[in-house]
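Notes follow the structure.
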Amino acid sequence: MPYIPHSDTDRKAMLERIGVGSVADLFQDVPERVRFPNLDLPAALSEMGARWELESLAEANLTAGEASCFLGAGAYHHFVPAVVDALVSRGEFYSSYTPYQAEVSQGTLQSIFEYQTMICELTGMDVSNASHYDGATSTAEAVITAINVHRMRRKKAVISRFVHPEYREVIRAYTQGLDMTILDTAGEPEDIRGALDEETACLIVQYPDFLGRIEDLSPLAAAAEAVGALFVVVADPTALGLLRPPGEFGADLVTGEGQGLGLGLNFGGPYLGFFAARQKYVRKIAGRLVGQTVDTNGERGFVMTLTTREQHIRRERAISNICTNQGLMALAATVYMAALGKCGLRTVAELCYHKAHYAAAQIDGLDGFSVVRDKPFFKEFVVRCPMPVAEINEQLLRGYVIIGGYDLGEEYPELEDHMLLCVTEMNPRQEIDLLVSALKEVTS
Amino acid sequence: MSRPLIFEISRPGRCAASLPDLDVPRTELPEELLRDDLALPEVSEGDLVRHYTHLSQMNYGVDTGFYPLGSCTMKHNPKINEAMARLPGFTNLHPYQDQETVQGALFLMHTLQAFLEEIGGFATVSLQPAAGAQGELAGVLMMRAYHQERGDTARNVMFVPDSAHGTNPASTSMSGMEVVEIPSNQHGGVDLDALTAACQQHHERLVGMMLTNPNTLGLFERQVEEICAVVHEHGGLMYGDGANLNPLLGIARPGDLGFDVLHYNLHKTFSTPHGGGGPGSGPVGASPALADFLPGPIVKVDPDRSEEDLPFYALWMPTHTIGRVKTFYGHFGVFVKAYTYIRMLGPEGLRRVGEYAVLNANYLKELLKGTYPLPHDRVCMHEFVLAGPPKDVQEADVRTMDVAKRLMDYGFHPPTVYFPLIVDEALMIEPTETENKETLEAFAEAMLQIVAEARDDPDILHDAPLQAPVRRLDEVRAARDLILRWQPEENEA
Amino acid sequence: MKLDPEARYTEHHEWGRLVDDEVVCGITDHAQETLSDVVYVELPMVGDVFDAGEPYGVVESVKAASDLYTPVGGEITAVNEELESAPELVNQDPYGDGWMIRIEPSDPDELAELMTAAEYESFVGEEEG
């Protein structure tokens, strides 16, 4: 037993000190009826055996590295420098708990403080918390923040239908007991403006939106402000390497998925929900906050602060039940942002932009395909296809080892036979050209 | 001694990343939508590595030393788990890939669901919740949905013991329900008379009860079957907070005890690292009556796509699901680690985890109880709660916080302090099964030495820690003069 | 424990004192001592109307958050904006510069029904005993 150190001698000596005859005697409080069940589980493996089993399971999957991946829709195939995993793999970081004891947790606390600063910088906001579970839960927490800012007097959230469909589902799940109205049928700015009223606690839009499109959000910010609703922007952090930050448009809260910041795809998790706010909402937001202070020698140090908002003090009156953040994922994102730095993140964003536009232009030239170009786009774009998306994807996979785009028809009936393609810095020109020729072949 | 911030070692023009050249023609950028500046740090890879290596050295982890943080189960994090979770065949999968291309990953999830069902005694498990608190929220929403589905819409009262974790009442409020606190009896368990009276009073409105067993005093709830029975009798459901599941591995299954729904903490019980506060993972198990309400998707065998001897694993939404509580399928990377752990231990190994977690806690309790007051002196489970330092020491104004800070000077991480709220000056100690006898004895020795120091010169404790990377930090100043980010101007001035 | 002989007291450890037909309110010296260093006070808006005993704000230390309850019912005519930048005034001078709100009472007799300084002193004694 590699993880349990006790020898027989140890056990006997310990039992003697406790004053019981056997380990089983320690469980007298457990009803006899259910005590010591026989668990129907496979027998233990050696480390070698476990490795073989896990390696064979891993090999049974097709990775985005083996294939050419053009799938995005909320999880992105971006490059992760080796330095990220090297640093988050340090046991002092990953085997520690939440930094409740600040004096022996300065590594975690300072790195969160650095993370908070970088997220503020990226989003153009005043404050950032230490993170949430993912982009969707971060956005659900924004809805709860908004109704708290309005002291529960407004319980309507207007959400653009071009916010990620799963984010909208998560918001519904989170608020199902709170007697709220979630309105997510409007998509175009004029329809969204029409849905706002004096009951609206917040307006949520995505930037770039789920279809990859970008636009000046100032008019929507103004419309939200006019009715006293909080303006919440769900942003792609990679896009913010290039694009104007939501803070400049007048966002009150900015949330989003931090997975693209050095976390890898990981079959959907663990990811990172970032959450930034204007200063005036700092006491109304959920999640951990790390603040700067001094120790008794006057040296700079960091502590968790404003903890009275949290569940372990407020209990049933807490803003949220959250008690962890995504500590290690926030650290990975911090290392990633520091590694890429001022210029690197912009370079990644520009590579995505130019490659996506090259791919779009090539595909637009194919018979039967057309790229929807109603607004500028960043790294994802919508393609109208001459046959069902599922059929195209199946042939791309079988014939060319290409992971094709997201089928939009299910969530957006008007976009039947429309595919959402994503191109990043991970797609060299040959892969894009292969996709274009494959699309041509499978539809001819 | 404080370290510079990454921004303070930044110099214009440095960059730690090497990115490919553009290999396609440029397209005009949308000028009106471009940002002016992005003030991220500029450092070389060498500087970056040294900076975060230094920061890591200012941190204390299980890999560094003994971490008896009560209620947190800081057990050893096996290295094979980390290696397996980093296999490219797991890390480099897109969640929306064709399910045919991720059968290995879906098999792993399906099998982990089955393992957890067997270990907890539940019909169905959903792996989706991201952490214990989210598993709790999911469980509470499921209980609400169950009553609503039956047309029993007046039910909106949840019972929570006064010893509960703060997340229990917070999850209840977030679900739009009302919390009624149930007092503890003198043995540290739920006061059954008070519970029965509350059941009668709230009969028509009772959603159910949230119970941690063993409770936050580390005591097994002897009347757990009676508690479940009375709540069920009044139409309520029993929620199990699985934070303290470690001592029950192979010892008792919560489903067998009468719980209807339970969250597991893979980051406590199943050895996945806490990561400095996440990622956790909080799967939820449900009885047959509640299984249809689980959050999803979960993994099932799809008979239509299966061939003989070759089952096809598919993602599936439970019929009356409360919905998705996060995007995609949960913290898959954490599942790989928990799966590896369960495969390495097998059924006998898991039972030994439960047994030795309890043996270690009782041994350490014996070593300390003569010196530190122990409010409930009975056999404990995985942890125990002391009522601070001895009375004469407390009278010299030496408190639990002082003992905690002084422990750092002895090279130990402090226990959980001031929780549970029902014990004054609480010191909550959970050694876990992975600590050896000598470590427990060295820790006990330090605890006794600290009391001796306090009697000799209380100021040694008031000034502690002396050996940690920083001295005691001013939390009042941090809260009054909020500084939540680095600002270039202030630091140049 | 310091007391203001002019003020009246509630069981929630709040005080109210009649000044020019309005009631000035705050928390007692005993309350600030129990809380320890106050780091934040959340106050209502001028013009808000409360019944007696209704929560009107929150006072926070590093470790705790406590609701504030009105000693008497009425309309808020002023709040102590100093507390936003200097919450420590609540610790330093709970009956003076650490005041929280002024209320125009809807029932002028309500204040007289509360505890006197002497009654409050024995109430605290019993609570602690």
- Within the group B:Ala123, B:Ala131, B:Ala83, which residue is in contact with a helix residue (DSSP H, G or I) (Cβ under 9 Å, 6 or more places away or on another chain) and within 9 Å of chain A (Cβ to nearest Cβ)? B:Ala83
- Residue selected from the range B:456-485 under the condition over 25 Å from C:Pro87 (Cβ atoms) and without any contact (Cβ under 8 Å) to a residue 12 or more places away in the chain, by the criterion most open to solvent (accessible area, probe 1.4 Å): B:Asp456
- Could you tell me whether the range B:289-302 includes any residue that is under 20 Å from A:Leu41 (Cα atoms), open to solvent by 20 Å² or more (accessible area, probe 1.4 Å), touching a strand residue (DSSP E or B) at 6+ places or on another chain (Cβ under 9 Å) and not in a strand (DSSP E or B)? no
- Residue check, B:Leu206 within 25 Å of B:Leu69 (Cβ to Cβ), in the same structural domain as B:Gln148 (by TED's automatic domain parsing) and crowded, with 17+ Cβ neighbours inside 10 Å: no
- Within the range B:386-411, can you find the residues that are surrounded by fewer than 20 Cβ atoms within 10 Å (Cβ to Cβ), over 25 Å from the mean Cα position of the chain (by Cα) and touching a residue at least 40 places away in the same chain (Cβ under 8 Å)? B:Pro390, B:Asp392, B:Ala396, B:Asp397, B:Asp409, B:Tyr410
- Item | Test: A:Leu26 is buried (at least 18 other Cβ atoms within 10 Å of the Cβ), facing another protein chain (nearest Cβ under 7 Å) and not in a loop (DSSP other than H, G, I, E, B) | yes
- Task: Mind listing whichever residues of the range A:42-61 are among the small types (Gly, Ala, Ser), under 10 Å from B:Arg343 (Cα atoms) and part of a helix (DSSP H, G or I)?
- Result: A:Gly49, A:Ala50
- Message: Just to be sure I understand, how many residues within the range A:286-309 are of a type in the set (Asp, Glu) and more than 7 Å from chain B (Cβ to nearest Cβ)?
- Response: 0
- Matching residues, the range A:390-444, being polar (S, T, N, Q), open to solvent by 10 Å² or more (accessible area, probe 1.4 Å) and either within 13 Å of another protein chain (Cβ to nearest Cβ) or not in a helix (DSSP H, G or I) (or both): A:Asn393, A:Gln395, A:Gln430, A:Thr443, A:Ser444
- Among the residues of the range A:246-260, the number that are away from every other protein chain (no Cβ under 11 Å) and not in a strand (DSSP E or B) is 5
- Is it fair to say A:Asn266 is facing chain B (nearest Cβ under 9 Å), over 23 Å from B:Ala39 (Cβ atoms), open to solvent by 10 Å² or more (accessible area, probe 1.4 Å) and within 14 Å of the chain's Cα centre (by Cα)? yes
- Message: Testing B:Phe107 on (1) surrounded by fewer than 21 Cβ atoms within 10 Å (Cβ to Cβ); (2) more than 7 Å from every other protein chain (Cβ to nearest Cβ); (3) in contact with a Phe, Trp or Tyr (Cβ under 6 Å, 6 or more places away or on another chain), one condition comes back false. Which one is that?
- Response: (2)
- Message: Just to be sure before I move on: is B:Tyr67 farther than 30 Å from B:Glu445 by Cα, in a loop (DSSP other than H, G, I, E, B) and among the aromatic types (Phe, Trp, Tyr) in the structure I sent?
- Response: no
- For B:Glu82, are the conditions met, namely being in contact (Cβ under 8 Å) with a residue 60 or more places away in the chain, in a helix (DSSP H, G or I), open to solvent by 10 Å² or more (accessible area, probe 1.4 Å) and on the phi < 0 side of the Ramachandran plot? yes
- Message: Being open to solvent by 10 Å² or more (accessible area, probe 1.4 Å) and β-branched (Val, Ile, Thr) is the requirement here; does B:Val230 meet it?
- Response: yes
- Query: Can you name the strands (runs of 3 or more DSSP E) wholly within the range A:168-245 that have at least 3 residues being under 27 Å from A:Tyr115 (Cα atoms) and of a type in the set (A, V, I, L, M, F, W, C)?
  - Reply: A:200-207, A:230-235
- Note on the structure: Checked B:Glu433, B:Glu425, B:Glu453, B:Glu383 against criteria (within 10 Å of chain A (Cβ to nearest Cβ), charged (D, E, K, R), open to solvent by less than 40 Å² (accessible area, probe 1.4 Å) and in contact (Cβ under 8 Å) with a residue 24 or more places away in the chain); the one match is B:Glu433
- Query: Is at least one residue of the range B:354-376 touching a helix residue (DSSP H, G or I) at 6+ places or on another chain (Cβ under 8 Å), over 30 Å from A:Phe27 (Cβ atoms), assigned to a loop (DSSP other than H, G, I, E, B) and open to solvent by 10 Å² or more (accessible area, probe 1.4 Å)?
  - Reply: no
- Single residue of the range B:328-353 satisfying the filter (without any contact (Cβ under 8 Å) to a residue 12 or more places away in the chain and open to solvent by less than 10 Å² (accessible area, probe 1.4 Å)) that is nearest to the other protein chains (Cβ to nearest Cβ): B:Gly346
- Message: Residues to consider are B:Glu42, B:Glu32; find the one that is of a type outside the set (Ser, Thr, Tyr) and in contact with a Lys or Arg (Cβ under 7 Å, 6 or more places away or on another chain).
- Response: B:Glu42
- Message: Can you pull out every residue in the range B:220-249 that is among the acidic types (Asp, Glu) and assigned to a helix (DSSP H, G or I)?
- Response: B:Glu225, B:Glu226, B:Glu233
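The values are calculated or read from the model by the stated rules, or taken from the named source; none is laboratory data. Just so we're clear, the structure is a prediction, and the values are computed from it rather than from any experiment. Note: ideal-geometry Cβ built from the backbone for every residue, glycine included; neighbour counts use all protein chains shown. We work out accessible area using only protein heavy atoms, side chains counted, and drop any ligands, DNA or RNA first. Shrake-Rupley method; radii C 1.70, N 1.55, O 1.52, S 1.80 Å.
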